[in-house]
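Notes follow once the structure below has been shown.
Computed from the coordinates by the stated procedures, all read-outs in this text should not be read as laboratory data. Quantities reported herein were computed from a predicted structural model and do not represent experimental measurements. For neighbour counting, all protein chains shown are included, and Cβ atoms are generated from backbone atoms with ideal geometry for every residue, glycine included.
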Amino acid sequence: MTNKKKRSFPTAFTVLFIILILAAGLTYIVPSGKFSRLTYDSQANEFIITKPNDSVETLSATQETLNKLKIQLSLDKFVDGVIQKPIAVPNTYTRIEQHPQGILEILKAPIEGVFDTVDIMVFVLILGGIIGIINKIGAFDAGIAALSKRTKGKEFLLVTLVFLLTTLGGTTFGLAEETIAFYPILMPIFLVSGFDAITCIAAIYMGSSIGTMFSTVNPFSVVIASNAAGINFTNGLMYRIIVLSLGSLITLVYMYYYAKKVRLNPKASLVYEDENAIHERFLKSYDIESKVEFTIRRKIVLLIFALAFPIMIWGVARDGWWFEEMSTLFLADAILIMIFSGLSEKDCVNTFISGAADLVGVVLTIGLARSINIVMDNGFISDTLLNYSAEIVTQMNGGVFAVVQMVVFSVLGFFIPSSSGLAVLSMPIMAPLADTVGVSREVVINAYNWGQGLMSFITPTGLILVTLEMAETTFDKWLKYILPLMGIMAVFSVVMLVLNALI
């Protein structure tokens, strides 16, 4: 009698490729369409209208022009540079020739996705190289051993601290892609502290996700959305702070009970059967019984590495850094670490290359995830979905309007994963609808934030599959963990949104 081979859940690559095919299928079903787009030319002081047929019209940059176009925004928003991206012009949606994406387009999309995300890939590869060198000299082993002694009996403080810091980053400046750098450092610490990989992922990923979902002053979501809706982002700020605090507390309690269950019974972990593979990846050179000396050299190397993170956060939050600047920072960090590592030049280079090679699977996942959005963009179906959504919520009761808006933005968030892109595209269309049902426009801003943020917990086109690939965890394990919390947060968000509409 032969033993049946146990079926395993598909890898991130397979999941993304299946979604890529489904997205291409939608381009045959959903009609292609476009809104006219308005852009402000500051040099000529003119508005440029790009129509669905790609013809261009130039108009005077005046408040009267905006009023005629039914764009309920102040001219100052454009002149002062507050709104820089093209915005959709209300009531201009037009069906265009269908652009179905066939087999050739499906095969080309991952290649284009790699080209589009090469900046993120370089960042991840440099990070992998640094991790390789730090592991080679035993600095992580010594640091983990020292930290585990200090946190003994207070391990959940580590989870709380990581969660609150990433939440703070998410709500203030949209900390998201930058968290990729945290997993190789924090995962070993969490594992040695008795937590499983899921808890580490939750502390980092859900911290940034809850923060960005319940954004307070995030310039890439709530600020740009408020500007595009024609209101000040401080409208409803105190309410958003209250909702963020409650949402964070709910998430922390959920994480605590799961972590407690796993610490009492390791077999209760959703990734128990993958424990050996996870430990092999993150603790392959770590021996909990060994006494690795935390030497001055190892302390200096870890300090150099650690200092890069506050510098990175400062650069992103205050100086508009993106992956080019972050990669430059970590390359300089890598060079300094090589100098202080005590390794020979040959060992440094070979170890760096080997460490980068360990994350090749992760960087390819990033490119494949981007390919899904490329297929949908090339099929011109996003504007059609936005037009359908606007028709659905028109003339609804205030409370129902708010809830349906959140559902709509959850769906749109899958097709338009960029928070700023979705804001400038949708707000000129959606925000004025709030006036027709007698609710404040800040309700639409919150529906946009909370709807898109809720979907980000599981959206394969976002960061989650990249994160899971880095953490040696499959999507089905994450879904088992996150879906109950997602349901809780959905109910919580709906309640708070209805209260917001009624206040």
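Label E112 and K85 with points 7 Å out from Cα along Cα→Cβ: what is the distance between them in nm? Between E112 and K85, the simple spin-label model gives 1.8 nm.
Here the spin labels are modelled as points 7 Å beyond Cα on the Cα-Cβ line, and at V349 and L307 they lie 2.7 nm apart.
Taking only alpha carbon atoms, the chain gives an Rg to Rh ratio of 0.99, where Rh is the Kirkwood radius.
Going down the list K51/K108; K260/K480; K267/K299, which pairs span over 24 Å between their C-alpha atoms? From K51/K108; K260/K480; K267/K299, over 24 Å: K51/K108; K267/K299. The relative contact order of the chain comes to 25 percent, based on Cα pairs under 8 Å that sit 6 or more residues apart.
Looking at the range 245-387 from every direction and averaging, what is the projected area of its Cα convex hull in nm²?
15.0 nm²
For a straight C-alpha distance cut-off of 14 angstrom, the aspartates and glutamates reachable from K85 (same-chain residues fewer than eight places away being disregarded) are D41.
Full extension of the chain segment joining L479 with S74 gains 141.4 nm, where the gain is 0.36 nm per residue of separation less the Cα-Cα distance. Projected onto its three principal axes, the C-alpha set of the range 118-358 covers 59, 43, 30 Å, listed from the longest axis down.
Applying 0.36 nm per residue to the separation of N397 and F9 and subtracting their alpha-carbon distance, the gain on full extension is 135.4 nm. Projecting the Cα atoms of P90, I106, V159 onto the charge dipole of the range 84-231, computed from C-beta unit charges around the Cα centre, puts V159 farthest toward the positive end.
What net charge do the residues around T117 carry, taking every other residue with its C-beta under 13 Å from that of T117, with Lys and Arg at +1 and Asp and Glu at -1? Every neighbour counted, the sum reads -4.
The value obtained for the range 71-143, namely the Cα convex hull volume divided by the number of residues, is 221 Å³ per residue.
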